[in-house]
Amino acid sequence: QVQLVESGGELVQAGDSLRLSCTASERTFGGYAVAWFRQGPGKEREFVAAINWSGDSTLYADSVKGRFTISRDNGKKTAYLQMNSLKPEDTAVYYCAAGGRIAALDYEYAHWGQGTQVTIPS
């Protein structure tokens with residue numbers, strides 16, 4: 001069972017940048033695809049970005065393409081979400097998830113973190 005812990009969420013201003021981290025408890029993290037999902041106030045959870053086990057394949061939601069970058073360091077058992085040009089609509093709890101293959105669907109991911117809050121006031 002891989003345990004995931006997100007960190008880095010905070011309140012920032014529109015236009016600012018923020019980097020989220022997702023650290024795993026197991027070395028087997030290197031064999032998993034990793035994704036970030038988010039759930040805004042009053043909204044359903046939505047896909048943000050995903051990366052395959054080796055880091056050479058990525059997926060992005062249209063709403064974040066060009067602004068967010070997902071990456072990973074398997075040696076550190078950590079994945080990252082670099083978020084630039086943040087907007088108030090990016091306000092959400094951001095969740096890290098690990099699964100067997102890169103995908104944009106939440107049911108593809110068996111392991112989930114508890115989430116980290118990102119707030120961008122309007």
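The values are calculated or read from the model by the stated rules, or taken from the named source; none is laboratory data. All of these numbers come straight from a predicted model, not from anything done at the bench. Reconstructed Cβ throughout: ideal geometry from the backbone, glycine too, with neighbour counts over all protein chains shown. Note: areas computed on protein heavy atoms with side chains; ligands, DNA, RNA excluded. Shrake-Rupley method; radii C 1.70, N 1.55, O 1.52, S 1.80 Å.
General remarks:
- Restricting the stretch 26-47 to residues that are among the basic types (Lys, Arg) and open to solvent by 80 Å² or more (accessible area, probe 1.4 Å), the residue that is farthest from residue 97 (Cα to Cα) is 43.
- Scanning the stretch 1-54 for residues that are of a type in the set (Lys, Arg) and within 16 Å of the chain's Cα centre (by Cα) yields 19, 38, 45.
- Annotation note: Cβ proximity below 9 Å between a residue of the stretch 34-61 that is under 18 Å from residue 77 (Cβ atoms) and a residue that is outside any loop (DSSP other than H, G, I, E, B) and among the polar types (S, T, N, Q) (sequence gap 6+ or interchain) occurs for 50/58; 51/58; 51/71; 52/58; 53/74; 54/74; 55/71; 55/74.
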